[in-house]
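The values are calculated or read from the model by the stated rules, or taken from the named source; none is laboratory data. Source: prediction; values computed, not measured. Only protein heavy atoms, including side chains, enter the accessible area calculation; ligands, DNA and RNA are left aside. Shrake-Rupley method; radii C 1.70, N 1.55, O 1.52, S 1.80 Å.
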Amino acid sequence: SNTITGLAAGGLPDASIVAADLASGVGVPEYTSFNAILGSNQSLSNTSWTTIELDDDSSSAGWDTGSDFDTSNHKWVVPFTGKYFFYACLRYVGLASDKVCYIALYNGGSQIANTEKKAYQNLSGDQDFSIRTSGIMKVSAGDEIYLKGYHNHGSSRNVNASNCCFGAFYLKGE
């Protein structure tokens, strides 16, 4: 037989060839995806872009097929170069009328996507507002993608744990 068991191209063990190929961008991965969620409400300071401390990727609502989301620094490390569909959502608690809230994705220190929502309302008192962003982006292996929020309420506001998420999935063949 011409089959060599336990070795693959370049003499690397089978388990190593996958990681080596994906790290170099060689080969076509089948899939990768994650959905990270916020474990408890988080306070965001007024007029300050704040990293959302997503800390759960393994509960019934969270997952991480490639173990690439780091719950300690709240960043997703792109496993291989390609196009991904990203999505994120935040729910601001008690935002006043005529105030704005933002949601944004960052790659390293650069903002790569954002959405703004202005709180127009005819109701009395502060109201909760949900905001979402999504899109397709090409990113490189090793990039660190994370989520930030911003508001100008005048004092700190919480984002609600049960309505905050950030995720992505690989678009095979793109």
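Projecting the alpha carbon convex hull of segment 72-168 along each direction and taking the average yields 6.6 nm².
Pairs exceeding 24 Å between alpha-carbon atoms, taken from 117/172; 75/172; 75/99; 99/138: 117/172; 75/99; 99/138. Just the protein heavy atoms count here, and of the accessible area of segment 57-112 at 1.4 Å, carbon and sulfur take up 48 percent.
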